[in-house]
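**Student:** The structure's right below; bear with me while I get my questions together.
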Ligand SMILES: C[S@@+](CC[C@H](N)C(=O)[O-])C[C@H]1O[C@@H](n2cnc3c(N)ncnc32)[C@H](O)[C@@H]1O
């Protein structure tokens, strides 16, 4: 263990200014803020082994945070974290347990601490910066966060470079990829894997056979959960929220002359059934998958007098509504195999389709297989919608503990027969979005 790592173990109390001075000394001397325990071990033992994890000084600080820090010590530790960030430390690197520093804090129930907040803010800053660098097209992944860089073997023509940039963006969604240079061959392998994954690539999803089975809608061969009935309560909250806009008050008299509701993504029809029970004037359903559209036909949705089914991707059907001048009291969004960049595109349309007192909500599964990412997205959504003059209010709802990792090997786990869990957090941040 290097002296930098030893310092970050915070063993000597009180934790005072000498920690800051020593840390600054190491960093100024050129020790990287991301110097890992694994690198130190390789160095000390004269090894050149491939590194499988990245336990950084930030991980060590978070793992060793005393529970009895006084205010002054808290300030010093905060300054140490800031100092490491200012020297380029990553908020999202993964240690040998698969944890980021923020995950370590969360596991110690320190999610309300100023330290956890710092990691969330660092994630938000990184996202905003990436967008700036990549002209609003690069995003932290919903699934994982390390960005591999392909080794450029030769100079490529501009078109090829552009294509490769697009591919890199896709690979940004790759799970568990270490931040390291990868060969062109490895790059192509990951690219192909992602393109053929229906959960990642919408074109592949729309060509994939689906099956309604045991209270779930799944991809037939891949066994991905597209929609599952454990989300029933979340859909109920979504329906109640968008209909709040229809309760008469001083502001919405004109808006409620007719009640128009739009749901994007039919899935199992859970929320659409709830919407129908409230008998809106017009109920629009946007759905893109042919097997789901068959289900809508079979179940008689096309015959309902107040229902209009918008067949095809919302990206193609909703702009027509803008041209027709249809406005909505409530809009709900819950699709599959889309990413946050799709939502940003959607916001542009939502602001045009919502009545002044309308309410927008969505299934908030953004980054929900890792708490820190879920918290980062919570803030990003707020920031982005504020830019549209919209306010986001989150209500915290409990999700079934049968979705949790420690239930995986029990008969009650929600993920039996499903390839991968898409939900791991204990609390759901239910969004209610209105014009400010
Ligand atoms: C998670 S399910 C929706 C579940 C629904 N909220 C319910 O209560 O059952 C997602 C649905 O969105 C549809 N979908 C995915 N991408 C879409 C797109 N771009 N436009 C319209 N529908 C889409 C999927 O085919 C799927 O039926």
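**Student:** Can you work out which of the residues in segment 216-248 that are in a loop (DSSP other than H, G, I, E, B) and in contact (Cβ under 8 Å) with a residue 24 or more places away in the chain is nearest to the ligand (Cβ to nearest atom)?
**Tutor:** 224
**Student:** Which condition breaks for residue 200 when tested against (1) away from the ligand (no atom under 11 Å from the Cβ); (2) in a loop (DSSP other than H, G, I, E, B); (3) more than 23 Å from the chain's Cα centre (by Cα); (4) surrounded by 16 or more Cβ atoms within 10 Å (Cβ to Cβ)?
**Tutor:** Status for residue 200: all satisfied but (3).
**Student:** Which condition does residue 181 not pass, out of (1) at pLDDT 80 or above; (2) touching a strand residue (DSSP E or B) at 6+ places or on another chain (Cβ under 6 Å), if it passes all the others?
**Tutor:** Here residue 181 meets the rest and fails (1).
**Student:** Considering segment 266-279 alone, what residues qualify as being surrounded by 16 or more Cβ atoms within 10 Å (Cβ to Cβ) and touching a helix residue (DSSP H, G or I) at 6+ places or on another chain (Cβ under 8 Å)?
**Tutor:** 266, 267, 268, 269, 270, 271, 272, 274, 275
**Student:** Could you count how many residues in segment 84-117 are surrounded by fewer than 18 Cβ atoms within 10 Å (Cβ to Cβ) and outside any loop (DSSP other than H, G, I, E, B)?
**Tutor:** Total satisfying the criteria: 4.
**Student:** Here's another thing I want to ask about it. Out of all the residues in segment 295-317, which are within 8 Å of the ligand (Cβ to nearest atom), in a helix (DSSP H, G or I), free of Cβ contacts under 8 Å to residues at least 40 places away in the same chain and closer than 16 Å to residue 336 by Cβ?
**Tutor:** The answer is 315, and nothing else.
**Student:** Additional query: Go through (1) closer than 25 Å to residue 349 by Cα; (2) out of contact with any strand residue (DSSP E or B) (no Cβ under 8 Å at 6 or more places or on another chain) one by one and return the number of the condition residue 205 breaks.
**Tutor:** (2)
**Student:** Restricting attention to segment 251-282, which residues are within 11 Å of the ligand (Cβ to nearest atom) and not in a strand (DSSP E or B)?
**Tutor:** Of everything in segment 251-282, those that are within 11 Å of the ligand (Cβ to nearest atom) and not in a strand (DSSP E or B) turn out to be 265, 266, 267, 268, 269, 270, 271, 272, 273, 274, 275.
**Student:** Of all residues being more than 14 Å from the chain's Cα centre (by Cα) and within 11 Å of the ligand (Cβ to nearest atom) in segment 318-344, which is farthest from residue 288 (Cα to Cα)? Just the residue, please.
**Tutor:** 332
**Student:** Further question on the same structure: Tally time: how many residues in segment 345-379 are part of a helix (DSSP H, G or I), more than 14 Å from the ligand (Cβ to nearest atom) and either touching a helix residue (DSSP H, G or I) at 6+ places or on another chain (Cβ under 7 Å) or under 20 Å from residue 128 (Cα atoms) (or both)?
**Tutor:** Of the residues in segment 345-379, 13 are part of a helix (DSSP H, G or I), more than 14 Å from the ligand (Cβ to nearest atom) and either touching a helix residue (DSSP H, G or I) at 6+ places or on another chain (Cβ under 7 Å) or under 20 Å from residue 128 (Cα atoms) (or both).
**Student:** Separate question: Which of the residues spanning segment 8-36 are within 15 Å of residue 84 (Cβ to Cβ), free of Cβ contacts under 8 Å to residues at least 40 places away in the same chain and not in a loop (DSSP other than H, G, I, E, B)?
**Tutor:** 21, 22, 25, 26, 28 - these are the residues of segment 8-36 that are within 15 Å of residue 84 (Cβ to Cβ), free of Cβ contacts under 8 Å to residues at least 40 places away in the same chain and not in a loop (DSSP other than H, G, I, E, B).
**Student:** Still on this structure, I have one more. In this structure, does residue 208 turn out to be within 16 Å of the ligand (Cβ to nearest atom), over 29 Å from residue 433 (Cα atoms) and assigned to a loop (DSSP other than H, G, I, E, B)?
**Tutor:** Yes; evaluated as a whole, the condition is true for this residue.
The values are calculated or read from the model by the stated rules, or taken from the named source; none is laboratory data. Note that this is a predicted model, so its numbers are computed, not measured. Note: ideal-geometry Cβ built from the backbone for every residue, glycine included; neighbour counts use all protein chains shown.
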